[in-house]
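The values are calculated or read from the model by the stated rules, or taken from the named source; none is laboratory data. Quick caveat: nothing in here was measured; it's all calculated off a predicted structure. Cβ sites come from the backbone with ideal geometry, for glycine too, and all protein chains shown count toward neighbours. The protein model used for the area step is the full one, side chains on, heavy atoms only, and it has no ligands, DNA or RNA in it. Shrake-Rupley method; radii C 1.70, N 1.55, O 1.52, S 1.80 Å.
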Amino acid sequence: RFCILPFPIQNLRMRIVLEIFEKVERAGAQLLLVTKYLNADQTHEALKIAQKSPGFYGLGENRIGQVETKNIPRKFVHFIGNIQSREILKIAEYCSVVHSLGNLEHAEKFTKALTAGANSNSHLQKMGFFLQINISRESQKSGVLPEDFPDFLKQVQSLPLEILGISAIGVGEFTPEQKRKEFKELIALRDEFLPGKKISAGTSRDFELALEAGIDVLRVGKAALGL
């Protein structure tokens, strides 16, 4: 039975599905609540409720323009979208964690942005990164291929960036077996190259499989918002 806490805003029937937070917490994982679907008021209401859960990890946003207008405290905002070079300064300013770093040039630009910004804004020094892996090996997906990850990791580790772990967005249409294979490969990569770090993966469609596999951070939006 779902435990639901409703908060209708602007005629949108939205509710925090507490059972999902509880399920993630019981598994020893954390939930990144994807709020890219919501306006500013809805996002602030969702944050007010979600942050009461011990398993809450942050808010996932994929458009920096929307993040600016929502005016959410930086410590809660995690960037999960494709990174555009021209937006790196703003991502560093408005987000505390990036889940989609898969390009050395972007890593270098984040280093410059954080180094320059820290001179006037000390909070900019506090920023974490997940290195994105193209686990499904699809040409339209961003991220490094699994076989290229060791070299990419060495390059990024030469920079003064805090690496929190690895991330991935797998194939969209899948069988449970395909998802289990993806998660198993991610765990193997993490255990070999970044032991003790986190894995950010899983969505509303496959978070239960991700929990079963032992993924650390689940990015859940519609299912956790009752949309």
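Observations on the model:
- Looking across segment 146-172, the residues that are among the hydrophobic types (A, V, I, L, M, F, W, C), crowded, with 17+ Cβ neighbours inside 10 Å and in a loop (DSSP other than H, G, I, E, B) come down to Leu161, Ala168, Ile169.
- If you go through segment 205-215 and keep only what is open to solvent by 20 Å² or more (accessible area, probe 1.4 Å), part of a loop (DSSP other than H, G, I, E, B) and within 27 Å of Gln42 (Cβ to Cβ), you end up with just Arg205.
- Hits in segment 173-204 - residues which are part of a loop (DSSP other than H, G, I, E, B) and either crowded, with 16+ Cβ neighbours inside 10 Å or touching an Asp or Glu at 6+ places or on another chain (Cβ under 9 Å) (or both): Phe174, Leu194, Lys197, Ala201, Gly202, Thr203, Ser204
- Count of residues meeting criterion [at pLDDT below 95 and not small (Gly, Ala, Ser)] in segment 136-160: 5
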